[in-house]
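Worksheet: one structure, shown below.
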Amino acid sequence: MTTGINISRKGVGTAALLALAAVLPLAVTEPSQQNFLILILMGAQMGVAWNIVGGYAGQVSLGHAVFYGIGAYTSTMLLLTLGLTPWIGALAGGLVAAAFALAMGWPCFRLKGHYFAMATIAVAEIMQILVTNSDALEGAVGLYLPMDQSGWGVLIFLSKLPYYYVILGLLVLTVLVSWAIERSHIGYYFRAIKDEPEAARALGVSLTRYKLIALTVSAFLTAMGGSFYAQKEMFIDPGSVFATTISIKIALIAILGGVGRLMGPVLGAVILITIEEYSRTLFGSTGSGTDMIIYAAMIILVAVFSPSGVLGLLGDLRRHLPGAKPAEVKTSAKEARP
Amino acid sequence: MNTAPLLAVDGLGKAFDGLVANRDISFIVHHGEIIGLIGPNGAGKTTLFNCLAGFHTPTTGRIAFEGQDITGSTPEAAAALGIARTFQIVRVFQSMTALENVMVGAMLRNKRVAEARERAEDELAFVGLSHRADTPASDLTVSEQKRLEVARALATEPKLILLDEVMAGLNPTEVREASALVHRIHQRGIASIIVEHVMEGIMPIAHRMLVLDYGAKIADGTPAEIAENPAVIAAYLGE
Amino acid sequence: MTADILFQVLVSGLLIGLIYALVAVGLTLIFGVMDIVNFAHGEFLMLGMYASFWAFALFAIDPIVALPLTALLLFGVGVIVYQTVIRRILKAPMLSQIFATFGLMILLRGLAQFFWKPDHRLIPHSLVSGNVAFGPVQFGLPQFVAALGAVGVTGALWMFLHRTRLGTALEATAIDREAATLMGIDGQKMFALAWGIGAACAGLAGGLIATFFPIFPEVGSNFILIAFVVVVLGGFGSVTGAFLAGIIVGLIEVLGGFLVGPEYKTAIVLSLLLIVLLVRPRGLLGKA
């Protein structure tokens, strides 16, 4: 079966990528560079998680920071008050975020397009204000993780390397979930809802149910990313995990790579984080504005010239190369099927 | 077999902000029947479809499907019960191939992707689109997209299919093919209600015709009766 | 709570609400005409503030006197933004549109930071300064003048939209784009005009508040979310609706801040946004 060969070729590529990611820290030993790799993996994980609802199901959330923040605050509070290991704390954070997603999605999914996007911004902004003014959560001061402990139990490490492998593991998990959804009937339903919601309903697809599935799964995974952020930074405050800029960045990573494509956000994260970090180190982050200008110019260029992201752009290029005719390859693949 | 008629519509009316689109429409559809639904533009045919398929909640009246009251049910519930539809302005899933479009329909009865694929291949063959299976739906011609919608609807294993102007814009050969397709749907035991302006496509195959004018049913009978009905002739001449 | 304090609160709410209305009319016009949400709208306001600041710092022109200049300048900025970026994304997916204007927002902030430093600046000794007192109620003269100016500009815009040929064409496009196109209205021209006028309104709002509000590159973020709320509440595309909604939002913000606590005033306004979206998505005066 040709599709089988296609999948396994994709599989080989993914396996090679994974192997490369696994051995990369052996070559990159400088802590600041390892930190850079961790940032890429964190961005990729958030982007892949967002892609489930924003890409496949086409429900553009610009408030994903609310899930990220819930994850970070839940695991951290459980660690600080109950001494609960972040391994369980991250799962708890995911569950809280998923429950929140259900409660928020139920009314908000009656809205479409811009209206839904705006509602998600509002929800995240309100949450940020509430947390900032919550004494129980230390408000604007933020929460510090214990400095006197380290190891796999509390998921706090003195070197970068363990963090690298933890976030790599979380990214792999997130990609696997996304992949499983893409291949199942749920993935087909998501795309149907995105393309033609009314036609999907006529075929028996409950819009509310499947949009809620998308948002809940996405929220769960995003919250786990938030928990990881808290473990790595050992400090969180409302501005660092609930800000709308984070929501926008999460969506941007997916859009940059290509929405609704499994590995699109991973590519998006590599590009975005690299440009972000290099423009920061090259031009300094102390308010010259240059890093912002470069970042913004890139966003506008992608939005204007390649709405389908870099993966879409690569696809277009391939189609325009002389001799390459993917449409015909596809047809012959079909005929070759037994 | 169920003794209740497949579909019983009783006194159905639908108004939008006071504008009456359907008024006091009653009719019955039996299992496997082919019903032609005709009427001048704006007569309320698509509104009636939307009420039957759960897209509109009727303002008055009842709709019963196999004896079960389905008035005001959701489209997804209607689909699950066995009412499938196509759209007047085609709504294929643009980002998917033709086959994938039909798979989404097949998934209503079987969530396994591989089995839905087999089912979808059968339905594509049934409407004569097998050779286009892996073509992106957006690359199909409009007439192919209309057939794709029929295949997609059939894949949900309906007992009643609502076809909204599937013959519009087709050339005479294609109209004959479309008529043959409707007949083959009938042979599978599926009833159909067909909104159509193309009389030479619908008259030879319909068992019964319903005629709407200004939102109300003005005639209900065999194609031969309808053709000689003064009210129908007046409605069409008055257009 | 005494009647005096309540009255004082209501007047403050009304004054700030009129400014919100002016920021939002431009946003709602752009949205109404082409279904694009302009995330960079607060940055037009920021540019208006800087235009006033430099007119004052370099040429000693008072912000109030400089208003026509500010409007003209921002009209130009709006048209340029439309011609260079927006024109290319009219048919793009919604995501691309959101990110194009979001990118513009960061770009304008970055440019402001690059050229003018991130410092907070103030315009001292404007023509309008000091306080005014009406019986027991006191408010700043700059706020009062800004609110008056906002009423004047919104009124002028309303007259333009309803009393001139060009304005009627624009309003028609905002109310029903397809019908307007059928009537032979040149969509592209209307789009550019909407961006020019929208930016000019935001710039005028910036010029009006420059007399009492600190000027810095990210100042727009204080207004953009509020402006969204006003647009939604007023009904997308409705200038009259935005005007009324601006006042309502100003009143609710100040009153809510007074009753619940100033730290929650934005949360209260955003909750209003959610409620309106869920209960009456077309807003007060929006089309169904």
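Considering the stretch C:55-84, and only residues there that are of a type in the set (Val, Ile, Thr) and surrounded by 21 or more Cβ atoms within 10 Å (Cβ to Cβ), the residue that is nearest to residue C:207 (Cα to Cα) turns out to be C:70.
Residue C:118 falls short on exactly one of the conditions (1) within 14 Å of chain A (Cβ to nearest Cβ); (2) part of a helix (DSSP H, G or I); (3) in contact (Cβ under 8 Å) with a residue 12 or more places away in the chain, and that condition is (2). For the stretch C:13-44, a residue qualifies if it is in a helix (DSSP H, G or I) and among the acidic types (Asp, Glu), and exactly one does: C:43. Considering the stretch A:178-206 alone, what residues qualify as being surrounded by fewer than 20 Cβ atoms within 10 Å (Cβ to Cβ) and facing chain B (nearest Cβ under 7 Å)? If the condition is that a residue be surrounded by fewer than 20 Cβ atoms within 10 Å (Cβ to Cβ) and facing chain B (nearest Cβ under 7 Å), then A:183, A:184, A:198, A:206 are the ones that fit. One residue stands out among those in the stretch B:17-33 that are touching a Gly at 6+ places or on another chain (Cβ under 6 Å) and among the hydrophobic types (A, V, I, L, M, F, W, C): the one that is nearest to residue B:160 (Cα to Cα), which is B:21.
The residues of the stretch A:181-219 that are under 19 Å from residue B:77 (Cβ atoms) and under 20 Å from the mean Cα position of the chain (by Cα), listed by number, are A:210, A:211, A:212, A:213.
Considering C:79, C:37, the condition of being modelled with pLDDT under 95 and among the β-branched types (Val, Ile, Thr) is satisfied by C:37 alone. Residue A:249 falls short of the stated requirement of being basic (Lys, Arg), more than 14 Å from every other protein chain (Cβ to nearest Cβ) and within 29 Å of residue A:75 (Cβ to Cβ).
No other residue among A:130, A:158, A:145 is away from every other protein chain (no Cβ under 12 Å) and free of Cβ contacts under 8 Å to residues at least 24 places away in the same chain apart from A:158. Taken residue by residue, the stretch A:184-204 has no member that is part of a loop (DSSP other than H, G, I, E, B), in contact (Cβ under 8 Å) with a residue 12 or more places away in the chain and farther than 17 Å from residue A:41 by Cα.
Residue C:156 falls short of the stated requirement of being crowded, with 17+ Cβ neighbours inside 10 Å and part of a helix (DSSP H, G or I). Close contacts from the stretch B:74-95, counting a first residue that is within 21 Å of residue B:32 (Cα to Cα) and a second that is buried (at least 18 other Cβ atoms within 10 Å of the Cβ) and of a type in the set (S, T, N, Q), with Cβ to Cβ under 6 Å and a gap of 6+ residues or different chains, come to B:79/B:156; B:84/B:156.
Might you let me know whether the stretch B:61-83 holds any residue that is of a type in the set (D, E, K, R) and crowded, with 24+ Cβ neighbours inside 10 Å? Within the stretch B:61-83 (the criterion being of a type in the set (D, E, K, R) and crowded, with 24+ Cβ neighbours inside 10 Å), the answer is no, since none of the residues qualifies. Listed by position, the helices (runs of 4 or more DSSP H) enclosed by the stretch C:195-288 that each have at least 1 residues that are under 24 Å from residue C:82 (Cβ atoms) are C:221-234, C:239-260. Tell me which residues, restricted to the stretch C:260-275, are touching an Asp or Glu at 6+ places or on another chain (Cβ under 8 Å) and either more than 14 Å from residue C:230 (Cβ to Cβ) or β-branched (Val, Ile, Thr) (or both). C:265, C:266, C:267, C:268, C:269, listed by residue number. Of the residues that make up the stretch A:79-99, is at least one over 24 Å from residue A:146 (Cα atoms) and within 14 Å of chain C (Cβ to nearest Cβ)? Among the residues of the stretch A:79-99, not one is over 24 Å from residue A:146 (Cα atoms) and within 14 Å of chain C (Cβ to nearest Cβ), which makes the answer no.
Restricting attention to the stretch C:48-99, the residues that are more than 14 Å from every other protein chain (Cβ to nearest Cβ), aromatic (Phe, Trp, Tyr) and more than 29 Å from residue C:187 (Cβ to Cβ) add up to 4. In the set C:251, C:225, only one residue is within 14 Å of chain A (Cβ to nearest Cβ), touching a helix residue (DSSP H, G or I) at 6+ places or on another chain (Cβ under 7 Å) and either surrounded by fewer than 22 Cβ atoms within 10 Å (Cβ to Cβ) or of a type in the set (Phe, Trp, Tyr) (or both); that residue is C:225. Of all residues in the stretch C:217-267, how many are more than 16 Å from the chain's Cα centre (by Cα) and on the phi > 0 side of the Ramachandran plot? Going through the stretch C:217-267 one residue at a time, the tally reaches 1. On the stretch given as the stretch C:89-106, residues that are part of a helix (DSSP H, G or I) and either surrounded by fewer than 16 Cβ atoms within 10 Å (Cβ to Cβ) or polar (S, T, N, Q) (or both) total 3.
Summed over the stretch A:73-88, residues that are more than 17 Å from residue A:139 (Cβ to Cβ), in a helix (DSSP H, G or I) and without any contact (Cβ under 8 Å) to a residue 24 or more places away in the chain total 3. Taking the criterion of being among the acidic types (Asp, Glu) and within 7 Å of chain C (Cβ to nearest Cβ), no residue of the stretch A:290-305 qualifies. State whether one or more residues within the stretch B:32-47 are charged (D, E, K, R), more than 14 Å from residue B:193 (Cβ to Cβ) and surrounded by fewer than 21 Cβ atoms within 10 Å (Cβ to Cβ). No: zero hits.
The values are calculated or read from the model by the stated rules, or taken from the named source; none is laboratory data. Being a predicted model, the structure only gives us computed values, none of them experimental. For neighbour counting, all protein chains shown are included, and Cβ atoms are generated from backbone atoms with ideal geometry for every residue, glycine included.
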